[in-house]
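Engineer: Supplied in structure tokens, the structure appears directly below.
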């Protein structure tokens, strides 16, 4: 399967300044002080997040692999649930589905659900699409975490829409929404972003504050290649037909 997208090792791209090791270490130590402040600020936000109130989520029924599933059962007996709401483009083929959501789930798919379970947290994917369609997509991608269709509960704000990460808490038979975030707030699901932030050219997107001449293009342009979300090339070599219909809007 095609998984890489090689580029020339040498190019006309500008380079960071070149300094000796002592100067490099001095500059690195200066940045480290700021990085530690950033980490502590994040810890303070997490502490505040743990003190936020929660709001009840009424009884709701989702659709899973075995048919209708009460929301309570999605917890799989654990106390907490983290769910990512996957955007679904109804009527589009596999290659036309959301490249951003595909990146997010591909990044978290391997070990994260196992380690979350060790802290009494179930991870699941909620998706607004019809069960048959989203199950086929999950299977095509080779993902094993539980998926549920929220097609029939789109009138419940705590379960509706896509591109959202939500956290829930179960107290007996009562379910509460404790947190939700969207857009860049969901980046905790995708370590790829943070790894790119550690490289000299960053994410190479136009919103970043980079030196003049650094490579940059529109946000998310690299999430899709040759008509498919990039992660799909791990699963197939099939070319995409009618590519003009596959772009995410």
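Engineer: With the structure loaded, tell me whether residue 130 is free of Cβ contacts under 8 Å to residues at least 12 places away in the same chain and over 16 Å from the mean Cα position of the chain (by Cα) or whether it fails that test. Full working, then the answer.
Structural biologist: Values: free of Cβ contacts under 8 Å to residues at least 12 places away in the same chain: no; over 16 Å from the mean Cα position of the chain (by Cα): yes.
Criteria not met by residue 130.
Engineer: Could you please give the count of residues in the stretch 138-191 that are part of a strand (DSSP E or B), in contact with a helix residue (DSSP H, G or I) (Cβ under 8 Å, 6 or more places away or on another chain) and either free of Cβ contacts under 8 Å to residues at least 40 places away in the same chain or at positive phi (or both)?
Structural biologist: 0
Engineer: Name the residue that is nearest to the chain's Cα centre (by Cα), counting only residues in the stretch 209-237 that are surrounded by 14 or more Cβ atoms within 10 Å (Cβ to Cβ) and assigned to a loop (DSSP other than H, G, I, E, B). Outline the logic, then answer.
Structural biologist: Of the residues in the stretch 209-237, the ones surrounded by 14 or more Cβ atoms within 10 Å (Cβ to Cβ) are 210, 214, 216, 219, 222-233, 235-236.
Checking the rest, the ones that are also assigned to a loop (DSSP other than H, G, I, E, B) come to 210, 214, 216, 219, 226-227, 235-236.
Details: 210: 24, 214: 26, 216: 21, 219: 15, 226: 21, 227: 20, 235: 19, 236: 21 Å.
Per the stated criteria, the residue is 219.
Engineer: Counting only residues that are exposed (fewer than 11 other Cβ atoms within 10 Å of the Cβ), touching a strand residue (DSSP E or B) at 6+ places or on another chain (Cβ under 7 Å) and in contact (Cβ under 8 Å) with a residue 12 or more places away in the chain, give me the strands (runs of 3 or more DSSP E) lying completely in the stretch 18-80 with at least 1 of them.
Structural biologist: Working: elements: 55-57, 61-64, 67-70.
Answer list for the stretch 18-80: 55-57.
Engineer: Can you tell me which residue among 175, 156 is under 26 Å from residue 51 (Cα atoms), over 18 Å from the mean Cα position of the chain (by Cα) and buried (at least 17 other Cβ atoms within 10 Å of the Cβ)? Explain how you work it out, then say what you get.
Structural biologist: On the way: 156 fails: buried (at least 17 other Cβ atoms within 10 Å of the Cβ).
That would be 175, the only listed residue that is under 26 Å from residue 51 (Cα atoms), over 18 Å from the mean Cα position of the chain (by Cα) and buried (at least 17 other Cβ atoms within 10 Å of the Cβ).
Here, each number is a calculation from the coordinates, and none is a lab measurement. Only a predicted model underlies this, so the values are computations on that prediction, with no experimental measurement involved. In this analysis, Cβ positions are derived from the backbone assuming ideal geometry, glycine residues included, and neighbour counts consider all displayed protein chains.
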